[in-house]
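Report on the structure given below.
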Amino acid sequence: MLASYGAGMLSIVFSFAQVVFLSFMGPGDIQKANLSTLYCVALFTILMLPLALLLLAALLAGVGFTGALWLGNILWIKVVITACYSVLLFILAVIAFVLC
């Protein structure tokens, strides 16, 4: 759970840094991104990092809560968690089948 909070805080910090970065960008920077692959990758990384960290925080929180509930001593919660993950995996398999 601590890793989830840390990733969430990093997401907030990088979001503020992204606002500062975007305020200094101009039309010339977009043209540089079209010409240079490295510049384009760096720009994409800066733009996607807050979202990636936020998704990581959500994933870590889900793993933490699932682990806490699974290691508990209540049987019906374990059955519900197993059923929910089975449905999730089925939905992901259907999406993968449709996309391929």
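The values are calculated or read from the model by the stated rules, or taken from the named source; none is laboratory data. Note that the structure is a prediction, hence the values are computed from the model and not measured. Heads up: the accessible areas ignore ligands, DNA and RNA and are worked out on the full protein's heavy atoms, side chains in. Shrake-Rupley method; radii C 1.70, N 1.55, O 1.52, S 1.80 Å.
A few comments on the model shown:
- Candidates Gly26, Gly72, Gly64, ranked by Gaussian network fluctuation over the chain, Cα under 10 Å, top entry: Gly26
- Per residue solvent-accessible surface (Å²) - the chain, probe of 1.4 Å: 78
- The chain - mean residue ellipticity at 222 nm from DSSP helices (-39,500 (n - 2.57) per run, n ≥ 4, rounded to 500): -32000 deg cm²/dmol
- Screening the chain for whole DSSP H helices with an alpha carbon extent of at least 20 angstrom along the helix axis and a mean Kyte-Doolittle hydropathy of at least -1.0 yields 2-24, 37-70, 75-99.
- As a fraction of the 1.4 Å probe accessible area of the chain, surface on carbon and sulfur atoms comes out at 83 percent.
- For the chain, built as a Gaussian network whose Cα springs stay under 10 Å, the top-fluctuating residue of Val80, Val13, Val63: Val80
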